[in-house]
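The values are calculated or read from the model by the stated rules, or taken from the named source; none is laboratory data. Just so it is clear, the model here is predicted, and its values are computed rather than measured. Every residue, glycine among them, receives a Cβ derived from its backbone with ideal geometry; neighbour counts consider all protein chains shown.
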């Protein structure tokens, strides 16, 4: 059998980093949002055994460290399935870009495997395996707008929102997530330790003044206030508004998604990534000046995205970035139904 699937990217609408936990992970709070940018995967099972990864991008590992390899290995054991699994990854998303490309690849490979064998893992088992392989994987088993907690692996579907135009800029910079976390620890550590870290900008220290628990609580309150506002905008029939502007600000009609980012949520990684890569801060400024209602680093970067009121303005912003030599594309966020329909609609 051979199955072709899309592997959609995500962006982070705000990301708060909490304390380092005993298990070595940081406590996190974020809102994930799937978007239409994607890789393509072709999964084939033939006679034999083993797992083979092929990719058009030499930076993608093709051994046991690949997330696709790790999740398929686990799934084959649980499904009691046999065969030689070949996974071809047509990479369109940047590597180390903060768009969840590797995690999305793994989940799409798993879904393709299930589709090919006509067998499905139980939902809880699928989530467990996904969380074992990586923190970002479970969100791709939900899609749409998703609240992430724990170290990102605890996922809770939020109200489905109408598609929102966005621009994703992908500068040719690879950022190591473990290093970004280490730099964050340096910034928030004992007095003097942050100053010893290379490239850290103390001008943003006021944003780290609150205790980690207080900052996590503030993020939770922002999301809760937004959800409360959504419930108050429901129609008389009890159905949430979809595709209808709900508020106006700065002369533009806005969607519920833009209402969320207006609560003041931010990405903590910007405090350590931007001082080391000031060109990323410049990209964010260009997006804001081009009309983005919200612009931010996604994950630990290096992708920068902006949310716009109309697709026309988003396309103009993407053109502006490309003229400046920065790879950028106009796209849209995906609702949960669009996400699931799009995976197999190849």
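Some points to look at:
- Residue 103 meets all of the listed conditions (1) more than 18 Å from residue 302 (Cβ to Cβ); (2) in contact with a helix residue (DSSP H, G or I) (Cβ under 7 Å, 6 or more places away or on another chain); (3) buried (at least 23 other Cβ atoms within 10 Å of the Cβ) but one, namely (1).
- For region 60-90, the set of residues classified as part of a helix (DSSP H, G or I) and without any contact (Cβ under 8 Å) to a residue 24 or more places away in the chain consists of 69, 73, 77, listed by residue number.
- The number of residues in region 305-332 being part of a strand (DSSP E or B) and more than 17 Å from residue 92 (Cα to Cα) comes to 2.
- Tally, over region 31-59, of residues that are surrounded by 14 or more Cβ atoms within 10 Å (Cβ to Cβ) and assigned to a strand (DSSP E or B): 19
- Index of the failed condition, residue 93 passing every other in (1) assigned to a strand (DSSP E or B); (2) touching a residue at least 40 places away in the same chain (Cβ under 8 Å): (1)
- Every pair of residues 6+ apart whose Cβ atoms lie under 7 Å, when the first sits in region 279-301 and is assigned by TED's automatic domain parsing to the domain that holds residue 135 and within 14 Å of residue 14 (Cα to Cα) while the second is at pLDDT below 95 and surrounded by 19 or more Cβ atoms within 10 Å (Cβ to Cβ): none
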